[in-house]
Amino acid sequence: MTGLAVDSKYIYIAYQSRTPGLLRIDKTDFSCQRDYKFSKIVDPHSILSLKDRLLIVSSGTDSVYEVFLGEDEIERESYFWSLSGKEEGSDMHHINSITKFDRDILVSGFGSKTNDSWKETSNGFIFNINRGEYLRKGIYHPHSLHKYKGSLYYCESVTRSLWRNETNILKLESGYIRGLSISRDFIVVGSSTGRKKSKSSGKTFAISGEGIIDKSCGIIVYERKNLKVLHSLDFTSQYTEIYDIVRIK
């Protein structure tokens, strides 16, 4: 499971499988209401919930699709955007995260693959779809775009850093930072062990730029104003990776 999104009634969860899809979860009792199957989206990642539709990143085609949900099935799954401007494609820039910033839609991506591997690809970016321009470049594996109080936050996963606009506000000691939620009092980030095998190539590698692979997977809760660690949750016994974090209430 990868991308998460919420609206007034439901939690949406994208999942990757031979036939990728989307789960619709009731917020009141966490029951699974629907399991939608995608026909065009490949390797789904982040989800942006809008008033009348969902925008879902199709990393496997380097693009974004808009999805209109019916009661029992997907009513429409339409191509929305790609960096190349073409609907058909492959994972060339690893588009992954998506968010709304004021009236504009922003996405993040790793950039062009280096030496047939994402490990050393450090030319990641944040791109404004509406304006057709780059906001940031040179990010080492960007993830988890998030707007809060007029500022843009994002994770630079390999350097274990959390950024607010152009300022690096915190850095984990180890791990692969990915997954972010911000509220009035808290900043919550996820830390993964670092993938040892590429999904696309099957090659084994250490994903951390400094060779650091934390053997723990978990969530860290910070006080938003002074960035003091308040709490941490360790999921190592059951999981190795965290992709997304959302606030439900």
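Values quoted throughout were computed directly from the atomic coordinates according to the rules given, and no laboratory measurement underlies them. No experiment lies behind these values; they were computed from the predicted model shown. As a convention, Cβ positions derive from the backbone with ideal geometry for all residues, glycine included, and neighbour counts pool all protein chains shown.
Amide H to amide H, with H built 1.01 Å from N, residue 245 comes under 5 Å of 180, counting only residues 5 or more places away or on other chains. Backbone geometry of region 9-20 corresponds, through the Karplus equation with coefficients 6.51, -1.76 and 1.60 at θ = phi - 60°, to 3J(HN,Hα) couplings of 10, 10, 10, 10, 10, 7, 9, 10, 6, 4, 10, x Hz, x marking Gly and Pro.
Legend: ranking of residues 139, 169 from fewest to most surrounding C-beta atoms inside 10 Å; resulting order 169, 139. When the listed pairs 51/225; 137/228; 147/225; 9/249; 51/86 are checked against a 19 Å cut-off, the alpha-carbon distance exceeds it for 51/225; 137/228; 51/86. Seen from residue 138, the other residues with C-beta closer than 15 Å to its C-beta sum to a net charge of -1, counting Lys and Arg as +1 and Asp and Glu as -1.
Relative to the Cα centre, the charge distribution of the chain, modelled as +1 at Lys and Arg Cβ and -1 at Asp and Glu Cβ, gives a dipole magnitude of about 600 debye. Annotation: amide H of residue 152 within the under-5 Å range of 165, sequence separation 5 or more or interchain, hydrogens built in the peptide plane. Ranked by the mean number of other Cβ atoms within 10 Å of their residues, highest first, the peptides 19-32, 50-63, 100-113 fall in the order 50-63, 100-113, 19-32. Loop-located GluC sites (Glu not before Pro) in region 1-100 (DSSP state not H, G, I, E or B) with no more than 12 neighbouring Cβ atoms inside 10 Å: 71, 73, 88. Taking every pair of Cα atoms in the chain, average 1/r, invert it to obtain the Kirkwood radius, and report Rg/Rh to two decimals. Taking Rh as the inverse mean 1/r over Cα pairs, Rg/Rh reads 0.94.
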